[in-house]
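Visitor: Before I ask anything, let me first share the structure, which is written out below as structure tokens.
Please treat every number below as a calculation from the coordinates, not as lab data. On a predicted model such as this, the values are computed, not experimentally measured, just so you know. A quick note on method: Cβ atoms are made from the backbone with ideal geometry, for glycine too, and the neighbour counts reach across all protein chains shown.
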Amino acid sequence: MNGEIEEIRGTFKPELIPAATGGNIDDYEKALHTLMKFVGSMSSALEQVSGRGANAIVYQAGKRMGHEASKLMEKTDDLEKAMGELSEVLGQEFYFEMWKPSSQDNYTVERGDETEVKLLFMDCVVRQTLRRTGLPQKGPLCYLLYGYIVGAVEEVMDIRGKLDIDHIGPNACLKTLTIKWSGK
Amino acid sequence: MVEIVIDEDACVGCGSCVEDCPNDVYEMDEAKNKTKVVKVEDCMACLSCHEICPAQAMEHQDIHVAKRLYIDRSVKDAINRII
Ligand code: SF4
Ligand code: SF4
């Protein structure tokens with residue numbers, strides 16, 4: 001075997017749930033980078049083959065994931081509470097907060113039977129992956145996340161939702177989430 | 001609260017930050033031909049202005065700095081050995 005690779009030898013017994021993950025922090029870092037490269041190249045290949053249709057496909061896939069991930073979350077009509085639950089579903093890797101320009105009084109804006117809220121995504125593994133692989137933002141991988149967010153909100157609030165990208169930046173991205181109450 | 005410091009000696013007055021900022025945080029100071037911060041309260045720390053500024057003339061203080069998981073330490077070490 002290659003001398004640089006440290007082999008782990010031991011006894012293995014069948015177990016239902018392993019007690020702990022193996023490896024040290026360097027192993028995790030390497031695994032993360034390998035995954036980033038794989039996911040990045042998959043995303044760009046998808047875009048090359050399917051063009052802009054790729055975004056629509058992964059958006060739907062993300063939406064399904066979002067619905068699944070939020071099935072056990074408490075249902076609510078309260079947008080702020082729903083954002084708290086969404087934050088739990090997305091976890092630290094997609095750290096976001098509601099955002100508003102200084103000229104606006106509240107985080108939410110009502111437009112007929114729609115409510116809009118701006119979400120500022122500060123930490124995002126998707127953005128990290130794209131930067132790792134030198135790919136532009138707003139491609140299929142971003143759409144997977146958009147679908148995931150919309151799916152999670154739809155599930156928790158039992159409404160129809162839509163997400164628009166206002167701005168993408170290297171340190172934060174701003175999105176507008178629109179809740180359609182009549183879609184209930 | 002975000003604070004933006006402009007290094008006026010470095011700023012070349014290209015106006016890219018004024019054009020690029022989605023929240024109109026900057027304006028050109030025509031007399032000085034330098035950018036100036038006019039609406040810091042609307043800065044969301046996206047750092048698009050940092051990416052576009054050719055002179056690295058700005059500094060954002062007291063912001064959430066996104067975790068930089070994309071830095072490959074082995075590549076960085078190799079570059080550091082060359083530089
Ligand atoms: S960080 Fe973003 S919002 Fe803030 S000044 Fe720069 S471009 Fe504008
Ligand atoms: S982008 Fe940089 S160099 Fe250009 S005006 Fe803004 S601060 Fe000055």
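Visitor: Would you please give the residues with an amide H less than 5 Å from that of residue B:29, counting only those at least 5 places away or on a separate chain, with H modeled from the backbone geometry?
Guide: Long-range HN contacts for residue B:29: B:34, B:35, B:36.
Visitor: Using 7 Å Cα-to-Cβ label points, what is the residue A:109/residue A:34 separation (nm, one decimal)?
Guide: 4.6 nm
Visitor: Of the trypsin sites (Lys or Arg not before Pro) in the stretch A:29-127, which ones lie in a loop per DSSP and count no more than 10 other C-beta atoms within 10 Å? Kindly include the intermediate steps, with their values, before the conclusion.
Guide: Values: sites: A:30, A:37, A:52, A:63, A:64, A:71, A:75, A:81, A:111, A:118, A:127; in loops: A:52, A:71, A:75.
Those that pass, being in a loop and sparsely packed, are A:52, A:71.
Visitor: Sticking with the crude label model, points 7 Å out along Cα→Cβ, report the distance from residue A:158 to residue A:25 in nm, one decimal please.
Guide: Spacing of the two 7 Å Cα→Cβ label points: 4.6 nm.
Visitor: Using the C-alpha gyration tensor of the stretch A:1-149, what are the square roots of 5 times its eigenvalues, in whole angstrom, with the largest one first?
Guide: Numbers: eigenvalues 254, 94, 50 Å².
Sorted largest first and rounded, they come to 36, 22, 16 Å.
Visitor: Quick one: dipole size for the protein assembly as shown, taken about the Cα centre, charges +1 on Lys/Arg Cβ and -1 on Asp/Glu Cβ, in debye to the nearest 20. All intermediate terms of the calculation are to be shown ahead of the outcome.
Guide: Values: 31 positive and 45 negative charges, 223 e Å.
My answer is approximately 1080 debye.
Visitor: Taking 0.36 nm per residue of sequence separation and subtracting the Cα-Cα distance, how much length would be gained by fully extending the chain between residue A:116 and residue A:11, in nm to one decimal? Display every interim value, and only then the final one.
Guide: Values: separation 105, 0.36 × 105 = 37.80 nm, distance 5.60 nm.
Contour length minus the Cα-Cα distance gives 32.2 nm.
Visitor: Say each of residue B:65 and residue B:3 gets a label point 7 Å from the Cα, pointing the same way as Cα to Cβ; how far apart are those two points in nm?
Guide: 1.6 nm
Visitor: List the lysines whose Cα lies under 28 Å from the Cα of residue A:180, skipping any in the same chain that are fewer than 8 positions away.
Guide: Cα-Cα hits under 28 Å: A:63, A:71, A:75, A:81, A:100, A:118, A:138, A:162.
Visitor: Let me see the pair-distance distribution of the protein assembly as shown: every alpha carbon pair, 10 Å bin width, integer percents in order.
Guide: 6, 23, 29, 25, 12, 4, 1, 0
Visitor: Using a 10 Å cut-off around each Cβ of peptide B:43-49, what is the average number of partner chain Cβ atoms that fall inside? Kindly include the intermediate steps, with their values, before the conclusion.
Guide: Values: counts 1, 14, 5, 12, 4, 7, 1.
Mean shielding count: 6.
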